[in-house]
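The values are calculated or read from the model by the stated rules, or taken from the named source; none is laboratory data. What you see is a predicted model; the values in this text were computed from it and never measured. Backbone-built Cβ (ideal geometry, glycine too); neighbour counts: all protein chains shown.
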Amino acid sequence: MLQIEQLSPLYEAVQSGEIFPDSKFFTDCTPKSAPEAILAAYEEAQRQPGFDLKNFVTAHFDFPQNPDTAYESGERPLKQHLDQLWTVLQRHPDDAQGGTLIPLPFPYIVPGGRFREVYYWDSYFTMLGLQVSGRTDIIEGMVDNFAWLIDELGFIPNGNRTYYLGRSQPPFFVLMVQLLASIKGEAVLLKYRPQLEKEYAFWMEGENTLSAEHTAHRRVVRLPDGSVLNRYWDDQDTPRPEAYIEDVHVAQHSGRDASTVYRHIRAAAESGWDFSSRWFADGQNMETILTTDLVPVDLNCLLYALEKTLLQIHRQLPDRTATDIYKEKARLRKHAIQQYCWDEAAGFYMDYNHVNLSKSNSWTLAAAFPLFFNIAENEQASMVADQMEAKFLHPGGLATTLVRTGQQWDAPNGWAPLQWMTYQGLLHYHHTGLADRVRQNWQQLNEKTYAETGKMMEKYNVMDSGLKAGGGEYPNQDGFGWTNGVYLAMENK
């Protein structure tokens, strides 16, 4: 496997020269020969008159395949199209090819478009649709791939590319295992216990080193009352290879230490919300990004679910020593989420800034997670539901935030995973009418766009169905794994 840094300084020259419209394109290319040979050829070639960098790259690399018309409907009814699209989006066990792709042992589903590899949190929502389509074989293969990654690497990376090895993504593996257990039986939970425990250890690494003087380490944060919650992080503090020049520009314009800015950018990429006003100190500009200062409510709800599941698993074992440990960890986390992330005045869940010891004032759909995981009290859930209806609900579904910044995880955009988490969370607290409106608005927008384009999209403009979703570092992608999965799951409801 190739670490893209092995191609330095060619790698930086290509990305800085912006010879491809998408920075991810070059990082997905496969070298035709050893990096050392390519670099030697580059050193010689660039001294020649008329040297053309793009021609050099074309000669020395195989380009990744671009999406083709296979994503289009061919006039098929939507549900039939989605059932058949799994075959188009499926990738089979990989052979090592000398590029940045990390080979996986079992078949998997990619999102589509520029996303040519598996993505961690996307995959749970994709699996919801695979379940409806009766594709348990692919669900199991994907869970086994993630278990393999945990065993091989100690964690699940953002995606199966070497340039993602500094970070993970929202820890949905526990929900994938639960989904598979709902199909194949409780024994599934025991089967994946080792990997669930390893993932928990990854997120909690350094917990025992925290103190009143040393309040944060990697992904763990000690709060003023001694509670420990989690944050997003990345072990590297350099520009992301797949967005090299974009990150360099942000750091240059920030007036801040570049390595600090890169760390915050990478941590936001671990959140999956890359990028959003949620992570910006001024609520508007990426140059003020401060991701690692924040304790995100959604992340901590996911880890609460992991603790509860490990408790459930250990109750089935002959040695139940760990049951009291996980029971207490879950109790303490739930209490800390309520204490630090619930804003009584707003009637809403917010992230918590552990550096300035205050709640964020960023309103986001992350507030749905305490409802999805049954952490909220009934009165809190009612207040959140009221705010969702008043502030977030639009004709096409729920907006991700309340502000427009040009970032893709902000208004006016809506995303399938957050529609699902909110929809299910509302149902858990019997806000059935509002849940149905969320589902209907979202599905109708999916259907309208499909009728007009023959495609399912990565994200949608929920405020104006006549306009396409945009913003961010790349154009809206079609395909699209998690949109397909959530649509089928909602339709099945």
Name the residues in the range 332-382 that are out of contact with any Cys (no Cβ under 7 Å at 6 or more places or on another chain), aromatic (F, W, Y) and part of a loop (DSSP other than H, G, I, E, B), would you? W363
Take the range 440-493 and flag every residue that is under 23 Å from R404 (Cα atoms), in a helix (DSSP H, G or I) and among the aromatic types (F, W, Y). W442
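Is it true that some residue in the range 318-327 is of a type in the set (S, T, Y), within 30 Å of P9 (Cβ to Cβ) and either in the same structural domain as T400 (by TED's automatic domain parsing) or without any contact (Cβ under 8 Å) to a residue 60 or more places away in the chain (or both)? Break it down into steps so the answer makes sense when it comes.
In the first step, residues of the range 318-327 are kept if they are of a type in the set (S, T, Y); the result is 321, 323, 326.
Next, only the ones that are within 30 Å of P9 (Cβ to Cβ) stay: none.
Within the range 318-327 (the criterion being of a type in the set (S, T, Y), within 30 Å of P9 (Cβ to Cβ) and either in the same structural domain as T400 (by TED's automatic domain parsing) or without any contact (Cβ under 8 Å) to a residue 60 or more places away in the chain (or both)), the answer is no, since none of the residues qualifies.
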Considering only the range 475-489, I want to know if a residue exists there that is out of contact with any Lys or Arg (no Cβ under 9 Å at 6 or more places or on another chain), surrounded by fewer than 22 Cβ atoms within 10 Å (Cβ to Cβ) and aliphatic (A, V, I, L, M). yes
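Given the options E287, E328, name the one that is over 23 Å from R193 (Cβ atoms) and either over 19 Å from the mean Cα position of the chain (by Cα) or crowded, with 16+ Cβ neighbours inside 10 Å (or both).
Details: E328 fails: over 23 Å from R193 (Cβ atoms).
Just a single option satisfies the conditions, and that option is E287.
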Taking only pairs six or more apart or across chains, which ones have beta-carbon atoms under 8 Å, a first residue in the range 77-98 that is over 14 Å from G134 (Cβ atoms) and part of a helix (DSSP H, G or I), and a second residue that is at pLDDT below 90 and hydrophobic (A, V, I, L, M, F, W, C)? V88/A70
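Of all residues in the range 256-280, which are of a type in the set (A, V, I, L, M) and free of Cβ contacts under 8 Å to residues at least 12 places away in the same chain?
Of all residues in the range 256-280, those of a type in the set (A, V, I, L, M) come to 258, 261, 265, 267-269.
Once the filter is applied, which keeps residues that are of a type in the set (A, V, I, L, M) and free of Cβ contacts under 8 Å to residues at least 12 places away in the same chain, the range 256-280 yields only A258.
Can you name the residue in the range 169-189 that is surrounded by 15 or more Cβ atoms within 10 Å (Cβ to Cβ) and out of contact with any helix residue (DSSP H, G or I) (no Cβ under 6 Å at 6 or more places or on another chain) and is also nearest to E152 (Cα to Cα) among such residues?
Within the range 169-189, the subset surrounded by 15 or more Cβ atoms within 10 Å (Cβ to Cβ) is 169-181, 188-189.
Adding the requirement that they be out of contact with any helix residue (DSSP H, G or I) (no Cβ under 6 Å at 6 or more places or on another chain) leaves 177-178.
Values: V177: 18, Q178: 22 Å.
Ranking the candidates gives V177 first.
Are any residues in the range 272-329 within 19 Å of G471 (Cβ to Cβ), part of a helix (DSSP H, G or I) and of a type outside the set (G, A, S), and if so, which ones? Before you say what the answer is, go through the steps one by one.
Quick first cut of the range 272-329, residues within 19 Å of G471 (Cβ to Cβ) only: 272-280, 282-289, 291.
Filter once more, keeping what is part of a helix (DSSP H, G or I): 277-279, 286-288, 291.
R278, W279, M286, E287, T288, T291 - these are the residues of the range 272-329 that are within 19 Å of G471 (Cβ to Cβ), part of a helix (DSSP H, G or I) and of a type outside the set (G, A, S).
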When the range 34-92 is examined, which residues are found to be of a type in the set (F, W, Y) and surrounded by 15 or more Cβ atoms within 10 Å (Cβ to Cβ)? Y42, F56, F61, Y71, W86
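For the range 43-82, what are the residues that are at pLDDT 90 or above and closer than 27 Å to W148 by Cβ? Show your work before the answer.
Filtering the range 43-82 down to residues at pLDDT 90 or above leaves 43-64, 77-82.
Hits for the range 43-82 are D62, P64.
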Is there a residue in the range 27-36 that is assigned to a helix (DSSP H, G or I), modelled with pLDDT of 95 or more and under 19 Å from E242 (Cα atoms)? yes
